[in-house]
Amino acid sequence: MIEINLIPQKLKKQKQMQLVIMAGFGIGLLVLAALMGVYVLQVQKNAEIDRQIKIIDAESRSLSDKIEEVKKFNAMEDTYAKKKKVADSLLYDQALWPKILDSIGEMLLPDMWLTKIEQTKDKDDGVVINVSGNTLSKVIVADFIKRLEESKGLMDIKTAKISDVIDDARKMKVTAFEISFLYKKDKP
């Protein structure tokens with residue numbers, strides 16, 4: 001088929017130019033519409049995020065009273081724990097001396113009497129106890145020291161003095177002794 005173009009060349013170029021301008025304008029409108037769509041989607045996402053933030057803030061405000069109550073409860077619990085620890089320590093220390101006296105009393109031999117029991121030092125693992133007393137012979141003192149050494153709760157047994165003296169109250173010769181040892185504390 002033969003085509004004959006009777007339109008002058010100038011008009012033909014104008015028509016092509018109009019088509020290019022229209023196509024460019026159409027593409028520009030499509031890009032602008034796409035950008036507007038992306039903008040609208042971002043605005044909607046921001047609005048949704050803002051809505052969620054407001055919900056979380058409202059929940060946080062409603063829970064702030066409960067959070068304060070929990071903080072007060074935790075502070076009270078800490079105070080209680082400290083007071084309980086002090087009370088337990090005091091009760092343990094209060095029960096320590098009856099244990100010490102019972103332990104020493106079980107080891108005493110006949111014809112032996114104590115004149116003084118005192119605590120001289122307090123250490124991490126126990127207390128240092130000084131025991132003074134009188135007996136009728138040095139053999140009884142030796143047996144007493146042997147009993148102290150066999151006891152599991154006593155350590156570092158030291159004999160400070162063993163001497164013969166006259167007991168004015170009884171008008172007789174006795175053996176005086178002084179012994180120190182570490183009485184181990186049980187864990188409270």
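The values are calculated or read from the model by the stated rules, or taken from the named source; none is laboratory data. Computed from a predicted model, the values in this text were never measured in an experiment. FYI the Cβ positions are ideal-geometry reconstructions off the backbone, even for glycines, and counts take in every protein chain you see.
For Asn130, the criteria (1) of a type outside the set (Ser, Thr, Tyr); (2) out of contact with any Asp or Glu (no Cβ under 6 Å at 6 or more places or on another chain); (3) surrounded by fewer than 17 Cβ atoms within 10 Å (Cβ to Cβ) hold in every case but one, which is (2). Of all the listed residues (Ile100, Ile55, Ile49, Ile67), the sole one being in contact with a strand residue (DSSP E or B) (Cβ under 8 Å, 6 or more places away or on another chain), part of a helix (DSSP H, G or I) and of a type in the set (A, V, I, L, M, F, W, C) is Ile100.
Annotation: of all residues in region 137-157 being more than 17 Å from Glu178 (Cβ to Cβ) and among the hydrophobic types (A, V, I, L, M, F, W, C), the one that is surrounded by the fewest Cβ atoms within 10 Å (Cβ to Cβ) is Val139. Flag not set for Gln42, criterion: modelled with pLDDT under 90 and surrounded by 10 or more Cβ atoms within 10 Å (Cβ to Cβ).
Within region 128-153, if we keep just the residues that are more than 26 Å from Met172 (Cα to Cα) and touching a Lys or Arg at 6+ places or on another chain (Cβ under 7 Å), the residue that is modelled with the highest pLDDT turns out to be Val128.
Suppose the filter is within 19 Å of Ile100 (Cβ to Cβ), out of contact with any Pro (no Cβ under 9 Å at 6 or more places or on another chain) and in a strand (DSSP E or B); does Ile145 pass it? For Ile145, the condition - within 19 Å of Ile100 (Cβ to Cβ), out of contact with any Pro (no Cβ under 9 Å at 6 or more places or on another chain) and in a strand (DSSP E or B) - is not met. Looking at region 146-161, I want the residues that are free of Cβ contacts under 8 Å to residues at least 40 places away in the same chain and hydrophobic (A, V, I, L, M, F, W, C) and have a partner that is outside any strand (DSSP E or B) and surrounded by 12 or more Cβ atoms within 10 Å (Cβ to Cβ) with Cβ atoms under 8 Å, at least 6 apart or on another chain. Which pairs are those? These pairs meet every condition: Ile157/Ile145; Ile157/Leu148. Taking region 125-142 as the range and being under 21 Å from Lys184 (Cβ atoms) and not in a strand (DSSP E or B) as the test, only Asp125 passes.
With respect to Leu91, determine if the residue is surrounded by 10 or more Cβ atoms within 10 Å (Cβ to Cβ), in a helix (DSSP H, G or I) and under 30 Å from the mean Cα position of the chain (by Cα). Yes, satisfied. Kindly indicate which of Asp102, Asp122 is in the same structural domain as Lys173 (by TED's automatic domain parsing), closer than 19 Å to Lys185 by Cβ and exposed (fewer than 11 other Cβ atoms within 10 Å of the Cβ). Every option except Asp122 fails the conditions. Within region 162-188, being closer than 17 Å to Gly105 by Cβ and in contact (Cβ under 8 Å) with a residue 60 or more places away in the chain holds for one residue alone: Tyr183.
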